[in-house]
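Structure first, commentary second.
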Amino acid sequence: MTSAGGLGDLIRDPDDAIRRMDEWAAGFARKAERYAAAQQETEQLRLTATSPDGTVKVTVGADGVVSDLVFSSRTRTIPPEELSRMVLETMRKAQSGITDRVAEVMGRSLGDEDPDTRAVMLDSLRNRFPDPDPEPDGQQDAPEEQPEPP
């Protein structure tokens, strides 16, 4: 005796088996489209942070790579060691927003699909781009989201 929906049922009704395989394949195709859309949107993410005094502005992509670095005229008066520190801190501030932005994209594109995969990926991003140490006064500016290029 076979269970409902088992291999015996597929052998007895090949048309039903073909229909089920077609549905299964179509489901995978739809899932692949959603993942491709999420990947494309993620690749276009840009996050920008500015140093507290406005001297340094850093923009990063979802991979954490710096795509833009802007200095104000004030940089001429800042010692190189301090400027280096400001650049790194501002870059880390921009990178710290990556996990939340990728999570938003995944939520919109994938809904509740594959929560384990999402958790692993977001944990990896959190480990790569942790929140920077809080500023001495406890205030921390959130990274700005850059408008997506046309």
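What the table below lists for this structure:
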{"item": "Segment 42-60: number of residues that are small (Gly, Ala, Ser) and either on the phi > 0 side of the Ramachandran plot or surrounded by fewer than 19 Cβ atoms within 10 Å (Cβ to Cβ) (or both)", "result": "1"}
{"item": "Residue in segment 8-16 that is over 27 Å from residue 131 (Cβ atoms), charged (D, E, K, R) and open to solvent by less than 40 Å² (accessible area, probe 1.4 Å) present", "result": "yes"}
{"item": "Identity of the residue in segment 46-61, among the polar types (S, T, N, Q) and not in a strand (DSSP E or B), that ends up nearest to residue 88 (Cα to Cα)", "result": "51"}
{"item": "Leading residue by the ranking (least open to solvent (accessible area, probe 1.4 Å)) among those in segment 111-143 that are over 23 Å from residue 39 (Cβ atoms) and at pLDDT 55 or above", "result": "132"}
{"item": "Where a residue in segment 68-89 is without any contact (Cβ under 8 Å) to a residue 60 or more places away in the chain and its partner, wherever it lies, is exposed (fewer than 11 other Cβ atoms within 10 Å of the Cβ), with Cβ under 7 Å and at least six apart", "result": "72/54"}
{"item": "Odd one out for residue 149, checked against (1) within 19 Å of residue 36 (Cα to Cα); (2) open to solvent by 90 Å² or more (accessible area, probe 1.4 Å); (3) modelled with pLDDT under 55", "result": "(2)"}
{"item": "Tally of residues being open to solvent by less than 70 Å² (accessible area, probe 1.4 Å) and part of a helix (DSSP H, G or I) across segment 87-97", "result": "6"}
{"item": "Residue pairs meeting the criteria (Cβ under 7 Å; at least 6 apart or on separate chains; first closer than 17 Å to residue 122 by Cβ and at pLDDT 95 or above, in segment 49-64; second open to solvent by less than 10 Å² (accessible area, probe 1.4 Å) and among the acidic types (Asp, Glu))", "result": "none"}
{"item": "Residue match in segment 99-110 (condition: polar (S, T, N, Q), outside any strand (DSSP E or B), at pLDDT below 95 and in contact with an Asp or Glu (Cβ under 8 Å, 6 or more places away or on another chain))", "result": "yes"}
{"item": "Some residue of segment 66-86 being open to solvent by 20 Å² or more (accessible area, probe 1.4 Å), under 17 Å from residue 99 (Cβ atoms) and under 23 Å from the mean Cα position of the chain (by Cα)", "result": "no"}
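The values are calculated or read from the model by the stated rules, or taken from the named source; none is laboratory data. In this text the structure is predicted, and so the values were computed from the model without any measurement. Every residue, glycine among them, receives a Cβ derived from its backbone with ideal geometry; neighbour counts consider all protein chains shown. Each accessible area value is taken on the protein alone, full model and side chains, heavy atoms only, with ligands, DNA and RNA left out. Shrake-Rupley method; radii C 1.70, N 1.55, O 1.52, S 1.80 Å.
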